[in-house]
Structure formats: C-alpha cells, structure tokens
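All remarks here apply to the structure that follows.
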Amino acid sequence: MSSSTQVRTGAIYVFENGGVAPVAAPGSFETNAIVWTTAAPRARASTHSYLSNAVSTLLPGAEEIGQQSGMPAGRHIAYGAKALGALDSVYAVGQHAVQGNGAEAATASAKVGGGLAGAYAGAKALAPAGALVLGVPGAKAGAAVGAVFGALAGGSAAEALGEKLTGGPTPDKLGPPLTLPNHLKLDPTIVTAEGDRYALVNVEGKYSWFGMHDNPALPSRYIEVVKGAKVAELTRSYLDAAGFPEQAERHNAELAEQHRSALRDQFRRSETQYTNSLGPDGQPWGTPTRVAPNATTEWTHSPQPGQWLHTTRVHSGGDTETRITKSVDPARWQVVSEQVHERAHGVERLVGTTETMSGQGWKLDRSSGQMQPFKLDEEEAAQARMAPAAQNHRALNNEQLQQCHRQEAEQMVQSMHSVYALATGQASRPGSHASIDEAHADPQQREQAIEAGMGTFRRATAELLGAREVMRERGMELPEVSDVPDLSRHRNPTQEQTSIRQAPALTEQQQRHHRMAQTQLGPLLREHGHSHEQIERVSAAAVSHAQQFAHRGPVHSFLLSRDGASVAVLQESAPMSEFSVQAAQHQSPQQHMERAHALAQQQEQGRADSRREQGLAQHEPSQRSMA
C-alpha cells in the first residue's frame, strides 16, 4: 500500500448479538496472532490424484483415440478411459469441495473440461492432415496425436485460467460475501490513498475485512472483501502497523529459549537420575566389584532412610560364603551397624551383629548355637565405626592412583582447616580468615557444619588411606601430605605454660617407650599423612597403653598395621595387644601421659600394698612363736 495509507490499529471490532464492540486488547500479540491466523487468506491447496499427473491429463486423449480407431477394441479403450477419467475427475474436484475450497474445486473442474475439449479439438484438427498424407490410416493416427496434445494443452490452459480467475496464489472466496447491518457505527481500520475504507471485524471467531460503502444504491453498507490478494494486502498492512513482526520475533525467541530451558531441565533431570543411579564407588547401585580373587564388595540402598549398605562377600569354595554388611551414614561417613552372615550347604544364618555407635554386639556361640552379648571398648568401637573407602583403588592405574591421592589429600586437609575454624573461631592457616565468620553463626548451624565437615574428613581419610595402601603394595613412592594444620600453635600461651607446668614427670621406662614409639611409628605414620601433632598423640597413647599392660614386661617393639589404622604392642610376655590410631587422636598427648602417670602410680601403690601384706603375713607367725 501507499505510504499515505492510514492504519488505525485500535479500530477493530467484535460483532455479536446484532451489535459491535471494540476489541479488548487491540495491538497485543494475542490479538494480532488471531488476526494473522484468521484474517490472512489461505494459500491455494494443491490437487492430488490417485493417478500420476501425466496419466490423469492423457485420459481424455486416450478416450478420443479409442473412439477414432474404428476397431472393436477401440470402443473398450474409450469406455475404460472414459470411466477412469470420470472417477479421476470426481476425485480431483471432490477433495476440494469437501474441504470447502471453492476456488480449487472450480480450477480442478476447469482442468477436466479443458482436457476433454482440447482432446476433441486436437483430434479434429490433425485428422484431416493425416488423411492427406496417408489416407484413412493417417487420419486415425493424426486424430490420436491431436487428441493427446490437445488434452495436454487444453487441461494446462484451463487450469492456469481457472487459477487466475479465482485469485491466483491466494484464492478468492467464492459464494456470497458476508454483510453487516447498516445501522452499525464503525470507524475504518484502514483508509487507502484512494479513499477506500475498510473495517476489521471478528465474526464468529474469525476476523474478516469489510468494505465501507456510503452509496445509497447498494443494499448493504458493509460488505466482506472476498478478493484474496486484497485481503492479504490489508492484513499485512494492519499487522505491520501493529508491530506484529517484532512481536512474533520476540515470541519465537521466547519459545526457543523455553525449548532450550526445557532441554536443559530434561538434561539435568537425566543427569540427576543417572547420578542417583550410581553408588559412591561410581558403579550402578548393586554392582559387585572384585577386590580379591575370592571377595567382592557392593553398595546398595538401605531400607533405613539416610543410610547405605556396604556388603563384602567372601567365598570359601563350593556353596560357602561369608557376607559382611555394614550400614553407613553417608553424611558422617561412619558405620552405624554391622551384621555378619554365613552360608553353607544352602543354609544361611546370622553369626554376629554390632551396634557400633553404642559398642553393643552379639556373637554366635557355636558350641551352644546361641547369640551371646559382648561390649566393645572405646578403641574397638572407634575402629568399628570407620567406614570403608568407596573407590576400588586396585582398579586404578598408577597415574589415576596418584591423582586420587592428590585430590583426597587436598579434600582431607581442607576439611580439617574448615572444622578447626568452625570449632575455635580461629583460622588454622596464618593470615587466613576463611570460615571464621561461620564459627559465629547460630550454634545449631555451627554444629551441623562441623558434623558435615567431619563427615567429609572421614570419607577423604578413608579414600586417602586406601590409595596409600595400594601404592605401598605396588612399591610406589608415598607422597607427603602437606599443609596439615598444626593445632598446637593455636593454643593460648598461658594455657600452654600451665599445661607444661602440670605435665607429669615420666619414669625412665616411660621415657624409653616414648622414644621407641617416635622412632618406630613416626616415619610410618607420616607416610599415612599424619601431622607432627597427630604422631605425638599416637606416641603418647603408646606409652599409656604400654603402662596399662606393664605386668607383661618391657615393650620390645611398636608395630603399625598395613592400613595404618592400629598399633600392635609387642611386650616381653604374650599376648600381643593393640590400640586404634583414630581413637588415640581423641585425646591430647598430655592427657595420654597423665593417664600413663596415673596408671604407674596405681600400679606402684598396688605393689606397695602387696609388699605390706606379705610383711604382715611373715610378722604374724613370728609373734605366735614368741608367745
């Protein structure tokens, strides 16, 4: 349209109950979308034939050939072509008539008629020319050729003319146009440069353009525009003025973003589902992992909420199997209970169960067949609560093992610093203020954070010790774990001096045991990632433990287990005893030494009492003899 065309985007109406009313939200995307889908003319529908286009076009020619041949078979050809052509014509026209596409139905009808007329005219035109050359046979041949070419030319020409007369690519509406009552008061939506006025009105859910005529000779003032090209022009002008192209672009961009977001959400859900399907060892839940020629482990969900099950199966040949099931608290990374089952000859029975948090357990007495209770001491309970490593370190190559060691060492050290800062409000690294603010949060939140940090520390420690054990088996150099917080330098100086003043004096034997523990255990504990402070605690615990069993004689050696979890104490008299390395960390070196000092005093007092009783026993007979 010309630039002088006026478009009033607010002047669109709804016709109902014999009157009109302005549209509630003219110019909005929702309204413009309805205008675009209902007011814009449709594209011309193509005609489909159950025969190919060439065969369909040549049927009128085949019919004419059969009639012109003069042979008995020609009549059958003519009848067959006529019947097939009629069926094809009905199908071509009917498919549009059923859908209400009048322009396409008219065009299809024109094509059928043009093909028949062209075939007849071609046969009549070329038959005389053939007769001049070849006589009667030539006439028949000329009629056949003329019928074929005439059918093709006539059908195509009639179809093209029909399309042009019915609106071209945007078909016109056939049939009587809609009209609106003359008494309606409508403002024009579009006024062209020539002064023509058009109103856009929604009639029964479909927007249509109505020409506005003030000619008293016309019976209706508002008459629907039925020309497809004109309707397309008016609709395009209105939508451009209403900003629909920009609205559609934004809407499509929003839809694309929503689609991308939906895909991202779907991907995240898929990732979450996949992650949830994996146990802590990175394998699908319930997947056995071989850890020895006759042993497997697997992680499964526990019926108890918030717990996992770690099951070790040891096969002893045939149908004999021992199954050790540990219930693990993943947040704290501690074993809360343990059950041991044995299976032999198809019969399975419970042979042991332990509540590790309380230390209470029951073990099968094989002689009586009854479960007998027992109680773990503090060190044994602490050892039983240690959760296993999740990863199968023996399945890693050396490079992966070193990477695992590095990551778990960093995780362990970081958790130690975090827990210390939360518990004391002091940074465990000089000049660092990380996590100090967290220590001043709500006490309950602080306790939860400390417990979560301890869970991370326990889990990283289990993985680190597992990796170091495999590295030691392979003869690999054990990396030093650095940046472990030295907690001793954060003590209050006054308290430290008081502790030094109050530290008990060691006996000569205790001093020897302390030097022996530092010499025999220190290097090995350092290989397992323990700090100087932690080694001091284990050495002091070794002195205390040796003092507890002083009746067994002097200590010959302190032995660290391969997994670094326990220390065996070999004394002059059997049996050999053990204590937990982790339990030794629960007390300071001073506390261990105080215990050793107290034990030594108790033992010395016991010996003194024994000597006194022996002296009294010897003195009493002498008195009786003197009497």
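The values are calculated or read from the model by the stated rules, or taken from the named source; none is laboratory data. Keep in mind that this is a model prediction, so the values were computed, not measured. In this analysis, Cβ positions are derived from the backbone assuming ideal geometry, glycine residues included, and neighbour counts consider all displayed protein chains. Calculation scope for accessible area: heavy atoms of the full protein, side chains included, ligands and nucleic acids excluded. Shrake-Rupley method; radii C 1.70, N 1.55, O 1.52, S 1.80 Å.
Mind listing whichever residues of the stretch 356-380 are open to solvent by 100 Å² or more (accessible area, probe 1.4 Å), in a strand (DSSP E or B) and more than 14 Å from VAL340 (Cα to Cα)?
Result: GLN370, LYS375.
Which ones in the stretch 221-263 are at pLDDT 90 or above and of a type in the set (S, T, N, Q)?
Across the stretch 221-263, the qualifying residues are THR235, SER237, GLN247, ASN252, GLN258.
What number of residues within the stretch 515-529 satisfy the criterion of being under 48 Å from the mean Cα position of the chain (by Cα) and touching a residue at least 12 places away in the same chain (Cβ under 8 Å)?
8
Quick check, is GLN407 in a loop (DSSP other than H, G, I, E, B) and within 20 Å of VAL470 (Cα to Cα)?
no
Give me the pairs, please: first residue somewhere in the stretch 587-604 and closer than 20 Å to GLU533 by Cα, second residue anywhere and assigned to a loop (DSSP other than H, G, I, E, B) and of a type in the set (A, V, I, L, M), beta-carbon distance under 6 Å, and either six or more positions apart or on two chains.
Filtered contacts from the stretch 587-604: GLN590/ALA503.
Looking only at the stretch 545-588, how many residues end up being among the hydroxyl-bearing types (Ser, Thr, Tyr) and within 17 Å of PRO523 (Cα to Cα)?
Number satisfying all stated conditions: 3.
Looking for whichever is out of contact with any Phe, Trp or Tyr (no Cβ under 9 Å at 6 or more places or on another chain) and assigned to a loop (DSSP other than H, G, I, E, B) here; the options are ALA217, ALA229, ALA262. Which one fits?
Going through ALA217, ALA229, ALA262 in turn, the sole match is ALA217.
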